[in-house]
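Read-outs: derived from the displayed coordinates by stated rules, not from any lab. Quick caveat, the model's predicted, so the values are computed rather than measured. Note that we place each Cβ from the backbone using ideal geometry, even for glycine, and neighbour counts take in every protein chain shown.
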Ligand code: PMP
């Protein structure tokens with residue numbers, strides 16, 4: 001293998017329920033590990049999938065004409081600003097393929113989303129990891145924009161910033177983030193990953209897609225996997241200026257988004273009420289979990305997303321193990337350099353209750 005690939009650490013997803021149940025001999029398990037929407041998918045998306053089933057013998061529209069048109073309308077941009085991906089992970093890889101190579105460098109924060117280093121290393125580029133904000137401050141373990149700016153060197157071609165960030169849930173003020181993007185040298189692409197944007201308060205975080213006209217080096221990524229509840233179908237996209245989108249579309253494999261996904265995403269986009277309901281459910285569930293975790297004496301980080309990063313103050317692996325024995329799957333984040341934390345997706349009220357009562361039994365025994 002090429003050296004960059006040898007240095008890769010595999011992405012470790014949340015354990016699937018079937019695997020847990022087989023390994024631990026438990027049943028009736030719940031999974032709060034992958035930041036999926038506990039409401040499921042929009043009924044309109046499901047209906048669109050059913051309507052598309054008779055057509056699966058045909059190739060999908062390779063350019064996603066209809067979905068791009070709908071997205072362009074949603075974001076007030078032209079369709080040639082859009083690159084569709086098999087999940088937004090796909091477009092993160094296109095970015096690395098189009099703009100990075102050995103000898104060039106990408107900058108990102110400690111505790112950033114795990115796919116940034118993977119995308120970077122798979123094309124043999126170097127990475128510069130910038131220390132996160134201190135855990136004692138107002139945005140513990142969040143991205144430090146000043147430090148990110150200072151890390152930009154002559155070989156830097158890309159900066160990855162997630163707003164809100166996974167796995168921390170922390171966020172950046174929109175005005176400060178826009179100033180940061182505007183201050184970058186012209187050869188540096190600023191990727192703002194808005195996978196969780198639908199859950200966040202856009203008055204605080206801003207909407208980076210509205211900055212594209214002013215900022216030619218900005219790329220904004222979004223996904224249908226989170227609030228839209230379509231994680232299994234794999235659809236995401238990048239918004240950028242048409243020149244960048246043209247390059248991204250050159251490395252994009254043909255037919256990378258399947259026909260069911262294209263139809264579902266288009267229908268999901270129209271179901272504004274479903275997103276509102278998902279936001280409200282998430283806010284309620286977040287409150288329930290926050291209160292429940294505080295009552296157990298646990299510290300959580302601030303979060304603008306659909307998950308909480310919980311600090312157990314000591315190695316969290318035994319807690320994770322006990323949760324799995326109780327049929328509750330959450331996400332260990334030791335591979336992110338956070339061995340004392342677990343990341344917990346906001347579930348339905350019943351799932352949250354189940355997690356809290358499992359923890360109430362586990363913690364005193366540990
Ligand atoms: N960015 C961030 C910050 C994420 O948390 C995720 C999902 N884990 C993704 C991108 C990729 O999601 P998807 O490929 O499902 O769109």
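Data table
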| quantity | calculated |
| --- | --- |
| Antiparallel %, DSSP beta bridges [both residues in the chain], to 5 | 45 percent |
| Cα gyration tensor, segment 106-256 - rounded (a/c under 1.5), prolate or oblate | rounded |
| Relative contact order for segment 1-104, counting Cα pairs under 8 Å that sit 6 or more residues apart, in percent | 11 percent |
| Normalised contact order of the chain, rounded percent, pairs of Cα under 8 Å and 6 or more residues apart | 24 percent |
| Cα gyration tensor shape of segment 187-342, rounded if a/c is under 1.5, else prolate or oblate by comparing a/b with b/c | prolate |
| Protection-proxy order for peptides 243-249, 195-201, each taking the mean of Cβ atoms within 10 Å per residue, highest first | 195-201, 243-249 |
| Shape call, the chain: gyration tensor on alpha carbons, a/c limit 1.5 | oblate |
| Mean residue ellipticity (222 nm) of the chain, computed from DSSP H runs ≥ 4 via -39,500 (n - 2.57), nearest 500 | -12000 deg cm²/dmol |
